[in-house]
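Report on the structure given below.
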Amino acid sequence: MQGANCCMEDVLILGELEKIKTVSDPLRVKVLKILIQKEATVKQIADSLNQSSAKMHYHVKELEKQNLIKLVKTIEKGGILEKYYRAVAKNFRIAFDIS
């Protein structure tokens with residue numbers, strides 16, 4: 001997609017405990033890695049990681065709730081809405097000065 005990286009931050013510093021907890025799950029880290037590389041649907045992520053769509057839907061929603069990924073486009077195909085997600089940054093770092 002043209003301009004797919006246009007709105008991605010280079011680095012997002014994670015300073016809030018809830019954001020850090022969200023990315024402490026190894027499966028969510030794998031989801032983030034996919035969404036850093038390209039935009040994808042929950043089904044595409046599930047297929048890529050050999051996981052169920054239901055399980056991936058839960059993890060994608062948790063990442064979205066913490067604003068680590070975002071919905072970038074919706075396409076209607078045969079009456080079904082395909083939602084494409086993308087990471088909000090290319091890199092994620094944990095702040096070490098958490099108080």
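Worth a mention:
- Cross-link partners of Lys70 among aspartates and glutamates, defined as those whose alpha carbon lies under 20 angstrom from its own and excluding same-chain residues fewer than eight positions apart: Glu9, Asp10, Glu16, Glu18, Asp25, Glu39, Asp47, Glu62, Glu82.
- Amide H within-cut-off set for Ala89, under 5 Å, with H built and near neighbours excluded: Glu9
- The phi-based Karplus calculation (6.51 cos²θ - 1.76 cosθ + 1.60; θ = phi - 60°) puts the 3J(HN,Hα) values of region 66-79 at 8, 6, 8, 9, 9, 6, 10, 6, 10, 10, 8, 10, x, x Hz, whole numbers, x for Gly and Pro.
- Listed residues Val42, Val23, Val11, most fluctuating in the chain (Gaussian network, C-alpha, under 10 Å): Val11
- Charging the Cβ of each Asp and Glu at -1 and of each Lys and Arg at +1, and nothing else, the dipole of the chain about its Cα centre rounds to 240 debye.
- Legend: calculated FRET efficiency, Ser48 to Glu18, from the Cβ-Cβ distance at R0 = 30 Å, rounded to 0.05, equals 0.70.
- Three-way shape call for region 9-94 based on the alpha-carbon gyration tensor, with the a/c threshold at 1.5: prolate
- Max mean-square fluctuation residue, GNM over the chain, Cα-Cα springs under 10 Å, options Lys19, Lys55, Lys83: Lys55
- For the chain, the longest principal axis of the C-alpha atoms and the axis of helix 26-37 are separated by about 70°.
- Think of it as helices only: each DSSP H run of n ≥ 4 in the chain is worth -39500 (n - 2.57), and spread over all residues that comes to -11500 deg cm²/dmol at 222 nm.
- Most fluctuating residue given options Ala87, Ala54, Ala46, as computed from a GNM of the chain linking Cα atoms under 10 Å: Ala54
Readers should treat all values here as calculations from the given coordinates under stated rules, not as data from a laboratory. No experiment lies behind these values; they were computed from the predicted model shown. In this analysis, Cβ positions are derived from the backbone assuming ideal geometry, glycine residues included, and neighbour counts consider all displayed protein chains.
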